[in-house]
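Trainee: Questions regarding the structure given below will be posed in turn.
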Amino acid sequence: MSKVIINTDKAPEAIGTYSQAVKIRNTVYMSGQIALDPATMEMQQQDFITEAKRVFDNLTAVCEAAGGTLQDMVKLNIYLLDLGNFAQVNEVMSQYFEQPYPARAALGVSQLPKGANIEIDGVMEVPSTS
């Protein structure tokens, strides 16, 4: 098994002992992204929509670094401090994805890193580069 570590400066650097993503064959396993601006490593939290868009922008950067696009995502896990923001997540997702949409789970959690209100991780399928 050949494991390829995905790293890009267009997404926030890892703030712990993990990689932005790991690719095995044509499957990419993405670590959770929060609304950190990759240039400043500061949270973008003016409002929930702005925060969610920053998260999807970060996911986009990791997808591209792995040789794919958000449209190649097959599974998303969305973690929310407030499930009342679920409709806003759908609104933002509709700006980033076209049908067919990836499979998705949305979970309410009590806390996220750096005071984030949303975190998303997922799995993407792309053509193999190894």
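Values in this text are rule-based calculations from the coordinates and carry no lab data. These numbers come from a predicted model, not from an experiment. As a convention, Cβ positions derive from the backbone with ideal geometry for all residues, glycine included, and neighbour counts pool all protein chains shown.
Trainee: For segment 3-125, what relative contact order do you get, as a whole percent, if you take Cα pairs closer than 8 Å and at least 6 residues apart?
Mentor: Relative contact order here is 31 percent.
Trainee: By how many nm would the segment from Tyr101 to Asn26 grow when fully extended, if each residue of separation counts as 0.36 nm and the alpha-carbon distance is taken off? Intermediate values should be presented prior to the final figure.
Mentor: Working: separation 75, 0.36 × 75 = 27.00 nm, distance 1.89 nm.
Here the segment from Tyr101 to Asn26 would lengthen by 25.1 nm.
Trainee: Based on the Cβ-Cβ distance of Val74 and Ile15, what FRET efficiency does E = 1/(1 + (r/R0)^6) give at R0 = 35 Å, to the nearest 0.05?
Mentor: Plugging the Cβ-Cβ distance into 1/(1 + (r/R0)^6) gives 0.85.
Trainee: Please arrange Thr50, Thr17, Thr40, Thr8 by counting, for each residue, the other beta carbons lying within 10 Å of its beta carbon, fewest first.
Mentor: Lowest count first: Thr17, Thr40, Thr50, Thr8.
Trainee: How much of the pair distance distribution for segment 3-125 lies past 16 Å, counting alpha-carbon pairs only, in percent?
Mentor: 57 percent
Trainee: OK, next. Test of understanding: what is the full-extension gain from Asp82 to Glu125, defined as 0.36 nm times their sequence separation minus their Cα-Cα distance?
Mentor: Values: separation 43, 0.36 × 43 = 15.48 nm, distance 2.96 nm.
Extra length from Asp82 to Glu125 when fully extended: 12.5 nm.
Trainee: By counting other Cβ atoms within 10 Å of each Cβ, how are Val89, Val123, Val74, Val55 ranked from fewest to most?
Mentor: Listing Val89, Val123, Val74, Val55 from fewest to most nearby Cβ atoms yields Val74, Val123, Val89, Val55.
Trainee: Continuing with this model, one more query. What FRET efficiency do you get for Met41 and Ile5 if R0 is 22 Å and r is their Cβ-Cβ distance, rounded to the nearest 0.05?
Mentor: On the way: r = 20 Å, r/R0 = 0.90.
So the FRET efficiency works out to roughly 0.65.
Trainee: Let me ask something additional. Could you please rank Lys3, Lys23, Lys10, placing first whichever residue has the fewest other Cβ atoms within 10 Å of its Cβ? The partial results should precede the final answer.
Mentor: Values: Lys3 11, Lys23 24, Lys10 14.
By the 10 Å Cβ count, ascending: Lys3, Lys10, Lys23.
Trainee: Now for a separate question. For every helix of n ≥ 4 consecutive DSSP H residues, a contribution of -39,500 (n - 2.57) applies; sum these over the chain, divide by its total residues, and give [θ] at 222 nm rounded to the nearest 500 deg cm²/dmol.
Mentor: Working: 2 runs with 29 residues, N = 130.
After summing the helix terms and dividing by residue count, I get -7000 deg cm²/dmol.
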